[in-house]
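> Next up is a structure, given as structure tokens.
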Amino acid sequence: MGENSRYLAKQLLSRIKEKRHLIQVVAGPRQVGKTTLCRQILSQIKIMSQYHTTDAAINAGGEWIDGVWEALRRTVKIAQADEALLIVDEIQKIDNWSEFVKKNWDADTFGGINIKLIILGSSRLLIKQGLSESLFGRFELNVLGHWSYCEMRDAFGFTPEQYAYFGAYPGAVAFADDEKRFKEYIRDSIIESVVSKDILQLTQVNKPALLRQLTNVGISYSSQIVSYNKIMGDLDDSGNTTTLSHYIQLLDEAGIVSGLQKYSEKIIAQKQSIPKFQAHNQSLFCALQPYSYPEITTDCAAWGRFVESAVGAHLIAEKSRLRGCKIGYWRQTEGRNTYEVDFVFEYNGNILGIEVKSGVGRGRVLGFGKFKKYFPEAMTLIVGRDGMPWEEFIAGKIEHLF
């Protein structure tokens, strides 16, 4: 387990001990350790417990939830137990799951039955929809994000360079010595599974082919600002900007790729901005690149793109860990000049502009001066050449920079 998983397990164990806790919801991308988290909890609790996954119950509907819940009630009654724990994994696969959870939870509350509940899901979007529609005031949301460099270092001995290239899926580490197999695993078991199972099966998508193409384009252009016109030019299927924006949101909530918006005090300016793609995990970016690990380390320009994307992936992971943060980029055109800041991270009202310098191409940073003109209270940081080493940046916690 990673550090964040262990911390969350400790929190959940503490909440389970409460006399009548809220429903604990754990949401996060595939392959980040949610099921392992459950095993850790089950191995440490002393109360009656049951673990169920919805993988074999998709066609059964919400009645399946009724069935496993009632079975546990009867077991509790027969054993004359004071309390029990029910864990349901991949909850988003059950249609209207929140209605059935609400019905059973409220029935237990009324009947004085102390069944505690942890539910897990790999689609934050569908989890949030269910929570907001039915379970108001009954739950606590816990987000488990992608692994950090430090977690990969401590668990598998990864170097910063390995993190920047191979990324942070713990289940893929076993294939790192065989890059062909590694990339096939990421494409088939992660990217395709998320698109087909977490999005297409569970969300209304009118153009599946367009979504798949956008997935590949978004990951391939990680840490690059790409106009919608350019995106549509790279796609075989046509789609308007509203459709593309919606699909990017689905991919973001599924833990694949974000379309970062321009940082601005004006919400309209943010929503109308050109997106900057950012892969949530470097494994995804690596899987769609033609380079091998030995090749990439000798190609300064290509390696610079990996480093900038790794910095962005680190910021995405930090956002999941801290919650309530914002990540964007900044760009301003004045006359013939365009000024940029690679990333803008906002935390507790504090603003940090980050410029990544890989050691090739760019000279002195011109964007910071203009950025400070618009946001005089902001702090700025160069990551890489002439600033904080990128290896040191991805090893630290973002809040320590404020």
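> With a 10 Å radius around each residue's Cβ, average the other Cβ atoms per peptide and rank 394-402, 210-218, highest first.
210-218, 394-402
> If you line up the long axis of helix 97-111 against the longest principal axis of the chain, both from Cα atoms, how many degrees apart are they, to the nearest 10?
40
> Right, here's the next one. How many Å³ per residue does the convex hull of the Cα positions in the chain occupy?
152
> Right, here's the next one. When the Kirkwood hydrodynamic radius is evaluated over all pairs of different C-alpha atoms of the range 183-258, what value in angstrom, to one decimal, is obtained?
Computed over Cα pairs of the range 183-258, the Kirkwood hydrodynamic radius comes out at 12.5 Å.
> Nearest 0.05, what FRET efficiency do Thr298 and Glu3 give at R0 = 51 Å with Cβ-Cβ as r?
0.95
> Moving on. Can you tell me the order of 142-151, 168-177 when each peptide is scored by its average per-residue count of other Cβ atoms within 10 angstrom, highest first?
142-151, 168-177
> I would also like to ask the following. Could you give the radius of gyration (one decimal) and Dmax (whole number) of the Cα atoms in the range 3-143, in Å?
Over the range 3-143's Cα set, Rg and Dmax evaluate to 14.0, 39 Å.
> How long is the gain from Lys10 to Asp234 if the chain were fully straight, where each residue apart is worth 0.36 nm and the alpha carbon distance is subtracted?
Length gained between Lys10 and Asp234: 76.0 nm.
> May I ask for the angle, rounded to the nearest 10°, between helix 300-322 and the longest principal axis of the chain, with both axes built from Cα atoms and the value confined to 0 to 90°?
Rounded to the nearest ten degrees, it is 40.
> I would also like to ask the following. When the chain is fully extended, how far beyond the present Cα-Cα distance does Glu392 get from Ala209, taking 0.36 nm per residue of separation?
Length gained, Glu392 through Ala209: 61.9 nm.
> Taking the Cβ-Cβ separation of Gln224 and Thr159 as r and a Förster radius of 35 Å, what is the calculated FRET efficiency to the nearest 0.05?
0.90
> Next question, about the same structure. Using just the helices of the chain, give the 222 nm mean residue ellipticity in deg cm²/dmol: DSSP H runs with n ≥ 4 each add -39,500 (n - 2.57), and the total is spread over all residues, rounded to 500.
Value at 222 nm, helices only: -13000 deg cm²/dmol.
> Could you order peptides 85-92, 335-342, 30-37 by the average number of other Cβ atoms within 10 Å of their residues, highest first?
The packing order, highest mean first, is 85-92, 30-37, 335-342.
> Ok, one more. For Thr338 and Thr36, FRET efficiency with R0 = 41 Å and r from the beta-carbon atoms, rounded to 0.05?
Efficiency computed from Cβ-Cβ geometry: 0.35.
> Further question: Cα convex hull of the range 140-291: mean projected area in nm², to one decimal?
Hull-based average projected area comes out at 10.7 nm².
Every read-out reported here was derived from the displayed coordinates using simple, explicitly stated rules and does not represent laboratory data. In this text, all values refer to a predicted model and were calculated from it rather than measured experimentally. Because the Cβ atoms are built from the backbone with ideal geometry, glycine has one as well, and the counts that use them run over all protein chains shown.
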